[in-house]
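S.K.: Let me begin by handing over the structure; questions about it come next.
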Amino acid sequence: MAHHRHRFIARAAASCAALLVAALAPVAPASATSVAAQDSSGGGSYNGLALTPPMGFNDWYQYRCTVSETNLLANAQALLTSGLAALGYNYVNLDDCWMAPTRAADGQLQADPTRFPHGIAWLADQLHAMGLKLGVYEAIGTTTCQRLPGSAGHYQQDADTFASWGVDFLKFDYCGVTSGTDPSADYEQMSQDLLATGRPIVFSGEAPIAAHNANPTDPNYLPLVSLSSQISNMWRVAPDLTTGFTATVFGHLDEDLPLAGYAHPGAWNDLDMLATGNPTFNWTAAQQQTQMSIWAELASPLLVSTNLTSMSATTMQILSNKDVIAVDQDPLGKQGQLLEKDGDVDVVAKPLADGDVALLLVNTSSENPEHVSTTAQALGLPTAGAYGVHDLWTGTTRESAGVIATTVPAGGATLYRITPLRSGVGDYAPVTDFTINHDVPPAYPGSQFNVAQPGQTITVPATFRNDGRQAVTDTSMSLTAPAGWQVSGTPVSAGAVPGGATLSGQWQVTVPPDATTGSYTVSSTANYTWSTTHTESDSAQSGFQVAAAPTGTVYLDQLKWLSAASSFHSPLVDISYFGTPLAIHGVVYPHGLWANSIATIYYYLGGNCSRFTADLGLDDSVMGQGALDYQLYADGSKIYDSGVVRNATPTVHADVDVSGAHILELYVGEGNGTIQFGNADFGSPQLTCTG
């Protein structure tokens with residue numbers, strides 16, 4: 001939405017540095033030539049280490065301050081028994097909370113005696129005996145993010161201590177200093193102090209976090225990234241993960257795409273950890289695959305933070321995908337670069353050491369599948385008789401004459417490896433491009449929502465194109481709709497569809513009169529034969545919303561929203577995140593909504609309502625903390641802004657005219673530059689509508 005300064009709601013998380021959130025710098029489309037020309041790196045690895053992005057395990061998002069030598073070693077053993085260690089996951093990293101609350105009398109760091117009774121040197125020995133490596137955590141300031149002893153005043157002593165313990169990796173956080181403090185000298189000092197120990201220790205920095213929580217619009221951001229690329233092996237370029245998938249994964253993608261020129265063997269932009277299998281995040285398998293695809297294409301370190309001792313088969317399947325790992329670990333050491341932006345789809349190309357190209361297609365729209373097309377020529381590949389298009393998640397290979405086109409699922413990604421075929425042309429099924437659309441208009445011009453009415457009849461066209469070199473035969477197309485929906489039209493067929501040719505069909509789909517508000521999908525299937533005897537089928541989907549305009553006087557908790565998302569937890573109805581009734585300054589609201597800033601919630605009005613009212617304020621569960629900014633939008637235009645709302649602010653009453661509006665958006669921003677404790681209530685949110 002153009003009226004917000006954030007492309008993705010809640011792109012910032014609770015970074016232990018400052019918890020600051022600010023605008024994203026726009027990612028300008030670039031041609032293949034201009035992208036290839038970008039190179040800001042300072043050369044090779046400053047210490048000869050991490051020539052490919054480090055892989056392994058980090059405890060933070062799974063254990064936080066309950067981490068112990070017991071659960072760390074259990075996860076290390078899981079790396080071995082699962083086979084993940086053999087695939088390159090060989091770092092076992094402690095994050096914050098491993099140390100005792102005070103240093104020893106001589107100033108040396110010491111491990112928490114309860115959770116690490118044998119000490120860190122013993123732990124390193126155990127891991128080394130398993131063929132693994134140990135990483136530890138510290139911070140540049142007087143304290144860590146969890147208020148334990150920081151390294152300030154002890155840089156060389158701590159570096160020497162880590163070396164004497166046999167540590168192989170140091171994560172050096174930006175905490176324990178005044179927010180905004182320039183950390184350049186501190187990171188340079190620790191970088192040199194680690195070198196002085198003579199022990200090979202991978203150095204993971206977080207200097208860019210000092211730029212208002214890795215905010216690309218901060219003038220210090222790029223200089224800190226540039227410095228990091230010269231003095232460390234990896235550095236965080238975005239805030240901590242949040243449980244909001246779109247905000248975190250696509251927000252991090254947005255921040256890292258312009259930084260491709262800083263990455264090179266031994267120096268990597270770090271997008272933070274993989275949340276694969278972590279129950280706190282509760283991401284779908286497709287979302288976890290999307291995160292892994294983006295991290296691999298952008299040559300980010302692959303450090304998973306989950307309980308590996310009980311990981312599911314799905315988690316193991318994602319983490320152990322050798323083809324995806326090979327893209328991340330490619331020895332050429334190039335980060336994927338933005339080739340073009342096609343609507344909501346980022347087209348990202350990564351040249352590989354053997355001359356192939358890893359092609360990442362990311363659909364950042366959470367509402368609709370998006371069609372995208374590119375060519376082997378645009379990817380910089382040489383002329384060839386044909387091109388192998390290998391899907392790294394399905395394991396299938398198709399053959400293209402040069403066009404690579406597909407429909408990327410909403411909020412998803414497709415990762416291909418494109419290979420010029422110098423032999424074996426004709427061995428694979430052709431690449432086909434199968435698209436399906438609908439004539440449901442946007443709710444208003446420029447809206448992200450296509451909303452159909454119950455009882456409405458929709459026209460659904462579909463087109464099948466053969467992008468291979470040889471004709472396909474016995475081709476047919478059909479359409480299916482959700483159960484109870486009426487479909488009229490007949491299957492479409494053709495005896496042959498030559499390379500570059502298309503087959504089209506059209507159907508009428510009627511929404512049931514009693515359809516409830518929600519997202520729906522219609523699907524089309526194409527069946528065909530290639531190389532005379534081989535049969536294949538392709539499918540395509542098109543999605544839209546169905547909603548009836550509200551009538552009478554109704555509370556929002558009695559309606560279904562079109563879409564809703566917020567930081568840390570999805571918005572809730574009639575209850576707070578803490579399980580308590582919604583309350584502002586002691587007034588309990590039986591009808592209402594809770595969200596954590598930054599949040600967006602959309603409702604369909606259909607032009608049928610005239611007034612919206614609500615009481616606004618921070619939930620009483622966080623009395624004395626936090627600040628918010630409430631904004632209301634009607635069809636994309638701002639109609640209300642509360643200004644900064646704090647706990648001390650009397651309950652704010654919003655009363656706005658929404659006459660003629662089709663979409664009402666409730667937006668909650670951070671009122672003081674941080675999302676911490678931003679627990680927003682909408683008390684008695686009510687619409688007045690006709691009918």
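The values are calculated or read from the model by the stated rules, or taken from the named source; none is laboratory data. Values in this document were obtained by computation on a predicted structure and should not be read as measured data. Heads up, the Cβs are rebuilt from the backbone with ideal geometry, glycines too, and the neighbour counts pull from every protein chain shown. All accessible areas refer to the heavy atoms of the entire protein, side chains included, with ligands and DNA or RNA removed. Shrake-Rupley method; radii C 1.70, N 1.55, O 1.52, S 1.80 Å.
S.K.: Over the range 364-421, how many percent of alpha carbon pairs lie in each 10 Å bin up to the one with the longest distance?
M.R.: 23, 49, 24, 4
S.K.: Expressed in nm to one decimal, what extension gain is obtained for the pair residue 554 and residue 653 from 0.36 nm per residue of sequence separation less their Cα-Cα distance? Mind dumping the intermediate values first?
M.R.: Details: separation 99, 0.36 × 99 = 35.64 nm, distance 1.72 nm.
Between residue 554 and residue 653, full extension yields an extra 33.9 nm.
S.K.: Same structure, new question: Using every alpha carbon pair in the chain, what percent of pairs falls into each 10 Å bin from 0 up to the bin containing the largest distance?
M.R.: Going from the shortest bin to the longest, the percentages are 3, 14, 22, 24, 19, 12, 4, 1, 0.
S.K.: Okay, moving on. Excluding residue 585 itself, what net charge comes from residues whose Cβ is under 15 Å from its Cβ, given Lys and Arg +1 and Asp and Glu -1? Intermediate values should be presented prior to the final figure.
M.R.: Details: positive: 646; negative: 615, 619, 620, 681.
Computed value for this residue: -3.
S.K.: Before rounding to the nearest 500, sum -39500 (n - 2.57) across all DSSP H runs of length at least 4 in the chain and divide by the residue total; then give [θ] at 222 nm in deg cm²/dmol. List each step's numbers first, then the result.
M.R.: Working: 11 runs with 104 residues, N = 691.
Helices in the chain give a 222 nm mean residue ellipticity of -4500 deg cm²/dmol.
S.K.: Right, next: Cα centroids of the range 599-658 and the range 469-530: how far apart, whole angstrom?
M.R.: 43 Å
S.K.: Determine by what factor the alpha-carbon radius of gyration of the range 543-617 differs from 2.2 N^0.38 Å, reporting the quotient.
M.R.: Numbers: Rg = 13.4 Å, N = 75, 2.2 N^0.38 = 11.3 Å.
Output field value: 1.18.
S.K.: Still on this model: Between Rg and the Kirkwood Rh of the range 317-476, both from Cα atoms, what is the Rg to Rh ratio?
M.R.: Values: Rg = 17.5 Å, Rh = 17.3 Å.
With Rh from the inverse mean 1/r over Cα pairs, Rg/Rh is 1.02.
S.K.: Just the number: Rg to Rh for the range 193-336, Cα atoms, Kirkwood Rh, two decimals.
M.R.: Details: Rg = 15.4 Å, Rh = 15.8 Å.
Dividing the radius of gyration by the Kirkwood radius yields 0.97.
S.K.: Need one number: the % of Cα-Cα pairs in the range 548-691 sitting beyond the 25 Å mark.
M.R.: Numbers: 1943 of 10296 pairs.
So the portion of pairs separated by more than 25 Å is 19 percent.
S.K.: Now a separate question. How are the Cα pair distances of the range 485-553 distributed, in percent, across 10 Å bins from 0?
M.R.: Histogram of Cα-Cα distances, whole percents per bin: 13, 38, 25, 15, 7, 2, 0.
S.K.: If you don't mind, another one. Based on alpha-carbon positions alone, could you give the equivalent ellipsoid semi-axes of the range 43-89 from the gyration tensor, as √(5λ), descending, whole Å? It would help to have the intermediate numbers written out before the result.
M.R.: Numbers: eigenvalues 126, 48, 12 Å².
Computed over the range 43-89, the values are 25, 15, 8 Å.
S.K.: In Å², what does the accessible area per residue of the range 406-533 work out to with a 1.4 Å probe?
M.R.: Details: 5540 Å² over 128 residues.
Counting only protein heavy atoms, the per-residue value for the range 406-533 is 43 Å².
S.K.: Sorted by accessible area (1.4 Å probe), largest first, how do 367, 255, 536 line up? Present the calculation step by step, with values, prior to reporting the outcome.
M.R.: Numbers: 367 25, 255 5, 536 60 Å².
Ranked list, largest accessible area first: 536, 367, 255.
S.K.: Another question about this same structure. Separation between the residue 105 and residue 320 pseudo-spin-labels, each 7 Å from Cα along Cα→Cβ, expressed in nm?
M.R.: Rounded to a tenth, the inter-label distance reads 5.2 nm.
S.K.: Solvent-accessible area per residue for the range 89-148 at a 1.4 Å probe radius, Å²?
M.R.: Values: 2320 Å² over 60 residues.
Counting only protein heavy atoms, the per-residue value for the range 89-148 is 39 Å².
S.K.: Let me ask something else about it. What are the semi-axes of the equivalent ellipsoid of the range 262-333, taken as the square roots of 5 times the eigenvalues of the Cα gyration tensor, listed largest first and rounded to whole Å? Walk me through the intermediate numbers first.
M.R.: Working: eigenvalues 100, 30, 21 Å².
Semi-axis lengths for the range 262-333 are 22, 12, 10 Å.
S.K.: Rounded to a whole number, what % of the accessible area of the range 477-602 do carbon and sulfur atoms account for, probe 1.4 Å?
M.R.: Values: 2900 of 5630 Å².
Here carbon and sulfur together make up 52 percent of the probe-accessible area.
S.K.: Two decimals is fine: what is log10 I(q)/I(0) at q = 0.14 Å⁻¹ for the range 204-271, from a Debye sum with one equal scatterer on every Cα and no solvent?
M.R.: -0.36
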